[in-house]
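S.K.: Mind looking over this structure? Questions follow.
The values are calculated or read from the model by the stated rules, or taken from the named source; none is laboratory data. For clarity, every value in this text was computed on a predicted model and none was experimentally measured. As a convention, Cβ positions derive from the backbone with ideal geometry for all residues, glycine included, and neighbour counts pool all protein chains shown. For accessibility, only protein heavy atoms count, side chains too; no ligands or nucleic acids. Shrake-Rupley method; radii C 1.70, N 1.55, O 1.52, S 1.80 Å.
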Amino acid sequence: MTRRARIGRTRRLARKTAGALRRRRLLKPLVTVAAIGALTLSGALGYYYIQFSRIIDLRLHGERDRVIPRVFARPLIFSTGQTLGPTGAVARLNDIGYAERGHADLRGEFAVGDGTVTIVPRAGELAGRTVVLAFSPPVARKSSSRPGPTVRLTKIDIDGRVAPRVTLDPPVLTGLVTGGREKRRRVALDAMPARIREAVLAIEDRRFYYHPGVDPIRIVGALATNLAGSRNYLVGASTITQQLARNFFLSEEMAEEQQTRQRSLRRKLLEQFMAVILETKATKDEILELYLNDVYLGHRGSFAVHGVAEAARIFFGKDVTNLSLAESALVAGIIQSPYNHSPFTNIERAKERRNVVLRAMADADYISPDAAARAADEPISVVPGALDNEAPYFVDYMRQAFDEAWPGLTERAEPLDIYTTLDLNLQRAAQDAVRNGLARVDALLARRRRGRPRRAQAALLAVDPRSGDILAMVGGRFYNQSQFNRAVLARRQPGSTFKPFVYLAAFEQAADNGLADLTPATMVWDEPTTWTFDDQEWAPKNYEDEYDGHITLRRALALSRNIATIKVAEQTGFNAVAGLWRRTGVGQQELKGYPSIALGVFELSPLEVATAYTLFPNGGVIAPLRTIARVVTGGRTLAPAVEKGRVVARPATSYLVTNMLRSVINEGTGAGARAAGFTLDAAGKSGTTNDLRDAWFVGFTPELLAVVWVGLDDNQPLGLGGSQAALPIWTSFMLEALAGRPNLPFEAPEGVSFVEIDRDTGKLATPDCPRIASEAFLAGTEPLELCDLHRW
């Protein structure tokens, strides 16, 4: 090697060595930076892992221990003679969470046969025994106010023994969720049918049981599908665990995204990271159970619907165990876009999405292609009024009373069960009566008015007058459209429904002063009359300007004659009438002794009217209304404070008015109830206010009192009287509510005597009198004169 070659080689080696040294000098800080970065990232991940683990642990611990307070109605009762068919019985059994089977063998199961329903009770004295309900064939109704044929429960068989009635579990109305307007029911995963679990897994996360919280395979597949554009929508890659993490722990970030309508990469990374941590903290079954109980499935009214169990109730009126394959697929399909895929929003889109779920279930081998095809051919049949089946107006009112009686109790961690006074059978009857009655009112208004008719509203309140228990409450047409509870909050003039209190004040004054000139048989002149009060003239009229001349007080009340009633109030003293009303403690207004008081020219709510009317079947004592029977929490039973009833009048005077109110239904403004087929002994009073603005009917038997109001929310004239708009609703409700019940009479108390009188003169009847009636009197006030009108 020459000298020049050696020098060149040496120079090349030197340059190479220098380059290596330069690279080492450059690489060292890069390695240092990378190491520091790795340590920082590891520290950050470790920090966030610890922080997120604490958050997840706390939330999971809270969810595992979380108890949603439950609200119960009265125990479900089936009784012979009840107007109920197999379909209605199945609906009631869904209310108490019984599972429909081909053959009922286990507790909490039922099976539908040919005109029968077989039940195996879950609890109580009949637990595990076999109960068979037998129903009559459909019979055409005599009443036009209730559409469709009548089907009755004709026989109840308990292990071969015939019984008049059977009592089952109390149905759960709803759960009370604190902090928001939500509807949800907690159901254990093993209590959910396989078809609902499989439907959700097939469409939301088919590899749920095989990934660690994030599914890389699905992410790649979704990316490829979206890039290829093979579907007309973007395919997501969020797993069930990610969705749960998003909804449970990242609600604030989600709310911010919804406001800005921009997806955040940071939120997505946090979601994936938390999903991986969540998988280390809970089992797959726990995650799936939490998800199925928490997933958002849209709104009904002001309530957010969470969980598949609540969705089964809201969409189909069923317990989740009784969902069909097609119904399960529909619920699962809603998860992706609750508004767009809701059958209440767009039935065609809901059906399309349901069928996508069915195909996914077949692709996942959960069901056969034939089963998917058959289910896809089924029509979607939802229950628009299912939310109302949970008695939301009643629950709202009960919740207010509960929070006032036991503030903060719903926020405790211990179990809480609230047993209410609501009778679900009567609640269903009330809802049906209001719905059908308003449809009839709509038709009447449409024929009378040009242009777009306004939709009337109604309220119905049913109570047990003996105890004050509220048995049914309907506050409007549909709760999902309006949460304003007209049964409690709508304050309107009671009109003629106040008249019985005028007559009660008259009889009370007669009893106080030992007078015999104010009795149901007392005669009064019913003719156009003008009153002067405070230098003002007032000339009221009777309804449709009809006047009867000489008329008994009974007949005046039965026909709701205004002039006769004002004259009775005048004779009694307007201040005395106001004073008696003040003794009831009902209402917010301090009534003055003006002549117009006799016609109910002040404001009351249906709840207040019902409260006041309890004194008539209750011997002159107001029965305070209540919604809560008892509360069970932490092994303790709490009873609501007992409010003592107000004594307003004597039992005898109260009976006189009650007996007069029987004539309203038998021959007066409420006689339409008899024409519709209502035969039980009952008393009542119609009410119509000025300009036909409000329509009322209040009626009662010894065991059930119901108030119906019909009117317009803007307080404009309805154009219909109480007998036209409210009475048919009341009649329809009472026919259903009391079907199969015995005919109980109103028992006369001590101090009441009966005398046969001539109906035209109010005097003692003679054999020549063509119209004789047995009239009730306070002892010692019976008429002494014989009828001289019909002597020959």
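S.K.: What's the local net charge at PHE394, with K and R +1, D and E -1, over the other residues with C-beta under 11 Å away?
M.R.: Result for the neighbourhood of PHE394: -3.
S.K.: With r as the distance between the Cβ atoms of THR637 and GLU756 and R0 = 41 Å, compute the FRET efficiency 1/(1 + (r/R0)^6) and round to 0.05.
M.R.: Working from the Cβ atoms, E equals 0.15.
S.K.: By accessible area of protein heavy atoms, probe 1.4 Å, what ranking do LYS155, LYS567, LYS541, LYS268 get, highest first?
M.R.: LYS541, LYS155, LYS268, LYS567
S.K.: Next question, about the same structure. State the percentage of accessible surface on the range 435-512 attributable to carbon and sulfur atoms; use a 1.4 Å probe and exclude ligands, DNA and RNA.
M.R.: Values: 1340 of 2930 Å².
Carbon and sulfur: 46 percent of the exposed surface of the range 435-512.
S.K.: For the chain, what is the calculated [θ] at 222 nm in deg cm²/dmol (nearest 500), taking -39500 (n - 2.57) for each run of four or more DSSP H residues and dividing by its residue count?
M.R.: Values: 24 runs with 319 residues, N = 792.
Dividing the helical sum by the residues of the chain leaves -13000 deg cm²/dmol.
S.K.: Post the alpha-carbon centroid distance, the range 539-580 to the range 714-790, in whole angstrom.
M.R.: Answer, in whole Å: 16.
S.K.: Then there's this: Starting with the highest mean, order 720-727, 189-196 by the number of other Cβ atoms within 10 Å, averaged over the residues of each peptide.
M.R.: 720-727, 189-196
S.K.: When ranked by the protection proxy of mean other Cβ atoms within 10 Å per residue, highest first, what sequence do the peptides 766-775, 753-762 form?
M.R.: Details: 766-775: 14.5, 753-762: 18.6.
For the peptides 766-775, 753-762, the packing ranking is 753-762, 766-775.
S.K.: To continue, here is another question. Got a sec? Charge dipole of the chain, +1 on Cβ for Lys and Arg, -1 for Asp and Glu; which of ALA506, PRO767, ILE380 is way out at the positive end?
M.R.: ILE380
S.K.: Compute the relative contact order of the range 749-792 as a whole-number percentage, counting only Cα pairs closer than 8 Å that sit 6 or more residues apart in sequence.
M.R.: Working: 73 pairs, mean separation 18.9, N = 44.
Computed value for the range 749-792: 43 percent relative contact order.
S.K.: To the nearest 20 debye, what is the magnitude of the charge dipole of the range 459-617 about its Cα centre, counting +1 on the Cβ of each Lys and Arg and -1 on the Cβ of each Asp and Glu?
M.R.: Numbers: 14 positive and 18 negative charges, 126 e Å.
Charge dipole, the range 459-617, about its Cα centre: 600 debye, nearest 20.
S.K.: Can I ask one more? Tell me, what % of the accessible area of the range 653-792 is carbon and sulfur with a 1.4 angstrom probe?
M.R.: C and S fraction of accessible area: 50 percent.
S.K.: Please give the net charge around PHE700, taking every other residue with its beta carbon less than 15 angstrom from that of PHE700, where Lys and Arg add +1 and Asp and Glu add -1.
M.R.: Result for the local shell: -1.
S.K.: Can you classify the range 456-507 as rounded, prolate or oblate using the Cα gyration tensor, where a ≥ b ≥ c are the square roots of its eigenvalues, rounded means a/c under 1.5, and otherwise it's prolate if a/b beats b/c and oblate if not? Numbers along the way, then the final one.
M.R.: Details: a/c = 3.78, a/b = 1.68, b/c = 2.26.
Because a/c hits 1.5 or more and a/b fails to exceed b/c, the range 456-507 counts as oblate.
S.K.: Arranged from highest to lowest average of other beta-carbon atoms within 10 Å per residue, in what order do the peptides 526-538, 92-104 appear? Intermediate values should be presented prior to the final figure.
M.R.: Working: 526-538: 11.7, 92-104: 19.5.
Output ranking for 526-538, 92-104: 92-104, 526-538.
S.K.: Express the carbon and sulfur contribution to the solvent-accessible surface of the range 286-418 as a percent, rounded to the nearest whole number, probe 1.4 angstrom.
M.R.: Values: 2430 of 5100 Å².
The computed percentage sits at 48.
S.K.: Which FRET efficiency, nearest 0.05, do VAL67 and ALA443 yield, Cβ-Cβ r, R0 56 Å?
M.R.: Computed FRET efficiency for VAL67 and ALA443 comes out at 0.70.
S.K.: Here's something else I'd like to know. Explain nothing, just the number: relative contact order of the range 594-712, from Cα pairs under 8 Å at least 6 residues apart, as a whole percent.
M.R.: Across the range 594-712, relative contact order equals 20 percent.
S.K.: In addition: Give the calculated FRET efficiency between ASN715 and ARG349 to the nearest 0.05, with a Förster radius of 45 Å applied to their Cβ-Cβ distance.
M.R.: E between ASN715 and ARG349, to the nearest 0.05, is 0.70.
S.K.: About its Cα centre, how strong a charge dipole does the range 155-209 have in debye, to the nearest 20, once Lys and Arg get +1 and Asp and Glu get -1 at the Cβ?
M.R.: Result for the range 155-209 is approximately 180 debye, rounded to the nearest 20.
S.K.: Can you find, among TYR543, GLY585, SER496, the residue sitting farthest towards the positive end of the charge dipole of the chain, where Lys and Arg contribute +1 and Asp and Glu -1 at Cβ?
M.R.: GLY585
S.K.: Calculate, for the chain, the solvent-accessible area per residue in square angstrom, rolling a 1.4 angstrom probe over the heavy atoms of the protein chains.
M.R.: Averaged over the residues of the chain, the accessible area is 47 Å².
S.K.: With the Cα gyration tensor of the range 388-545 giving a ≥ b ≥ c as the square roots of its eigenvalues, does the rule (a/c under 1.5 for rounded; else a/b larger than b/c for prolate; else oblate) give rounded, prolate or oblate? Display every interim value, and only then the final one.
M.R.: Details: a/c = 2.53, a/b = 1.47, b/c = 1.73.
Note, shape of the range 388-545 comes out oblate.
S.K.: Can you give me the relative contact order of the chain as a percent, contacts being Cα pairs under 8 Å and 6 or more apart?
M.R.: 11 percent
S.K.: Step through the residues of the range 705-719 one at a time and calculate ³J(HN,Hα) from phi using the Karplus curve (6.51 cos²θ - 1.76 cosθ + 1.60, θ = phi - 60°), rounding each to whole Hz and writing x for Gly and Pro.
M.R.: 10, 9, 10, 10, 10, 9, x, 10, 5, 7, 6, 7, x, 6, x
S.K.: Spin-label point model (7 Å from Cα, Cβ direction): what's the THR766 to LEU489 distance in nm?
M.R.: Taking the simple label geometry, THR766 and LEU489 are separated by 6.3 nm.
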